[in-house]
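**Student:** Submitted below is the structure of interest, expressed as structure tokens.
Please treat every number below as a calculation from the coordinates, not as lab data. In this text the structure is predicted, and so the values were computed from the model without any measurement. We place every Cβ from the backbone using ideal geometry, glycine too, and count neighbours over all the protein chains shown.
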């Protein structure tokens, strides 16, 4: 198939702003008029395979998100947004690559538009990141954002959830706990560790360690009550030593691995 | 450095003591291994902590190197300077910049302003040459070798 033929076919339904290039080996790139939040152009790719087409982004939207956020891991909320976007548009997601397979000539235009639209929406996930919060110049507490995400996540799992719980330890000091989450088989006090900077991270770490130590020896301790230290590890703020420290007095979970948290909370299936 | 300014970024770029030691080896991203990435820490005698993130995607035929400032707030690391090959960009109010472009932090536009660099002639498919050219304008010395990333065409789809 020649790129001219593809360009003419797209031009029947799409404005000339959609430009085709020949990538060789029966692969083509469509430059769209859509942009990622920073102004980068959104591309869609078409591969002719036998008698049909595969339309994809080759993982470009996820790449864009990675390079603009410098994050190495996605939070469950960000992953959920990406998955929901693809599901809503009927697009397959293979290893963060958006793909529509066995596309016919007649539905090629629709497929290109859907992939482009999905890429734009995935790019908008950037607005949920801390880098975007800085750019928008709206003061935002890193910890508040994560706590809100965790609260929403807990409620979706049919757990009984109390927020901003106060608990008294053996020292008679009262500690603020982010959540008390109850399943049919377990009650857990959940401390969220999320911080914007090194110093605040260290302060939070020692605060939670002291709370778990004190509460563990407290008069109000209930046998089934467990302590969970939930690290927001979507940023590179925490070290293995931090996890090991809190593991002495609590169970440790990472926000980038929600299945670990589910297991600790004994979420009913 | 509690807030970022263009002057700070220009000073970081101009710092000739920046060095990356050791070889750069691309790592497979994801199970299928189409995309590959690397992260390399930069040592400097005078400047704040920075590192380079590299991405290559043979499917989309895109290559990028990004200079990231990680001092002083690690979780808010900022992209301050970068090279993209294979990706077009539109500067707000100014129009399109070509598929090979650099972005640099500016006070008004933050990391969204791009320009066409005359010093980058390498295609996306020659990351080693692109890396050498990138390091020159960035005043970045790499004492090791960038190992050519390895991928297979038939893995693309």
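**Student:** Taking chain A as a Gaussian network, where each spring joins two C-alpha atoms under 10 Å apart, which residue of A:117, A:156, A:97 fluctuates the most?
**Tutor:** Of the options given, A:156 has the highest mean-square fluctuation.
**Student:** Modelled label-to-label distance, residue A:170 and residue B:19, 7 Å Cα→beta-carbon offset: nm?
**Tutor:** 5.3
**Student:** How far is helix A:198-216 tilted off the main Cα axis of chain A, in degrees rounded to 10, range 0 to 90?
**Tutor:** 50
**Student:** In what order do B:103, B:50 fall by count of nearby beta-carbon atoms within 10 Å, going from fewest to most?
**Tutor:** Ranked by crowding around the Cβ, least crowded first: B:50, B:103.
**Student:** With no solvent and one equal point scatterer placed on each C-alpha of region A:90-129, evaluate the Debye formula and give log10 I(q)/I(0) for q = 0.19, 0.23 Å⁻¹, two decimals.
**Tutor:** -0.59, -0.78
**Student:** Per the Kirkwood definition applied to all pairs of different Cα atoms, how many angstroms is the hydrodynamic radius of region A:17-89?
**Tutor:** 14.0
**Student:** Roughly what would the spin-label model give for residue B:132 and residue B:6, points 7 Å off Cα along C-beta, in nm?
**Tutor:** 3.3
**Student:** Treating the angle as unsigned and between 0 and 90°, give the value, to the nearest 10°, between the Cα long axis of helix B:127-138 and the longest Cα principal axis of chain B.
**Tutor:** 10
**Student:** On to the next question. Per residue and in Å³, how big is the convex hull formed by the alpha-carbon atoms of region B:88-129?
**Tutor:** For region B:88-129, the hull spanned by Cα atoms encloses 75 Å³ per residue.
**Student:** On to the next question. For each of A:174, A:56, count neighbouring Cβ atoms within 10 Å of the residue's Cβ, then give the residues from fewest to most.
**Tutor:** So the residues, fewest neighbours to most, are A:174, A:56.
**Student:** Another question about this same structure. May I have the pair-distance distribution P(r) for region A:1-126, computed from all Cα-Cα distances with 5 Å bins from 0 and rounded to whole percent?
**Tutor:** Values per bin, smallest distances first: 2, 11, 23, 24, 18, 12, 7, 3, 0.
**Student:** Given R₀ = 35 Å, FRET efficiency for residue A:260-residue B:27 by Cβ-Cβ distance, to 0.05?
**Tutor:** FRET efficiency, residue A:260 to residue B:27: 0.90.
**Student:** So what is the relative contact order for region A:149-269, in percent, with contacts set as C-alpha pairs under 8 Å and at least six apart?
**Tutor:** This gives 25 percent for region A:149-269.
**Student:** I would also like to ask the following. Assuming R0 = 35 Å, what is the FRET efficiency of residue B:44 and residue A:95, from their Cβ-Cβ distance, to the nearest 0.05?
**Tutor:** 0.45
**Student:** A follow-up question, please. What's the percent breakdown of Cα-Cα distances in region B:75-152 across 10 Å bins, shortest bin first?
**Tutor:** Taking every Cα pair in region B:75-152, the percentages come to 17, 44, 32, 7, 0.
**Student:** While we're looking at this one, here's another question. Can you tell me the FRET efficiency between residue B:143 and residue A:52 if r is taken as the Cβ-Cβ distance and R0 is 51 Å, rounded to the nearest 0.05?
**Tutor:** FRET efficiency, residue B:143 to residue A:52: 0.55.
**Student:** Working out 0.36 nm times the residue gap between residue A:202 and residue A:5, then minus their Cα-Cα distance, what length gain in nm do you get to one decimal?
**Tutor:** That pair, residue A:202 and residue A:5, stretches by 64.8 nm at full extension.
**Student:** On a 0 to 90 degree scale, rounded to 10, what angle separates helix A:76-88 from the longest Cα axis of chain A?
**Tutor:** Result, in degrees: 30.
**Student:** On average, how many beta carbons from a partner chain sit within 10 Å of the beta carbon of a residue in A:56-69?
**Tutor:** 6
**Student:** While we're looking at this one, here's another question. Averaging the inverse of every distinct alpha carbon separation and then flipping it gives the Kirkwood radius. What is it for chain B, in angstrom units?
**Tutor:** 16.2
**Student:** Taking the Cβ of each residue in B:66, A:168 as the centre, tally the other Cβ atoms inside 10 Å and list the residues starting with the fewest.
**Tutor:** Lowest to highest Cβ neighbour count: A:168, B:66.
**Student:** Normalized C-alpha radius of gyration of chain A, against 2.2 N^0.38 Å?
**Tutor:** Scaled against compact globular proteins, the figure is 1.29.
**Student:** For region A:1-43, restrict the atom set to alpha-carbon positions and state the Rg and Dmax in Å.
**Tutor:** Spelled out, the Cα radius of gyration and Dmax of region A:1-43 are 11.2, 34 Å.
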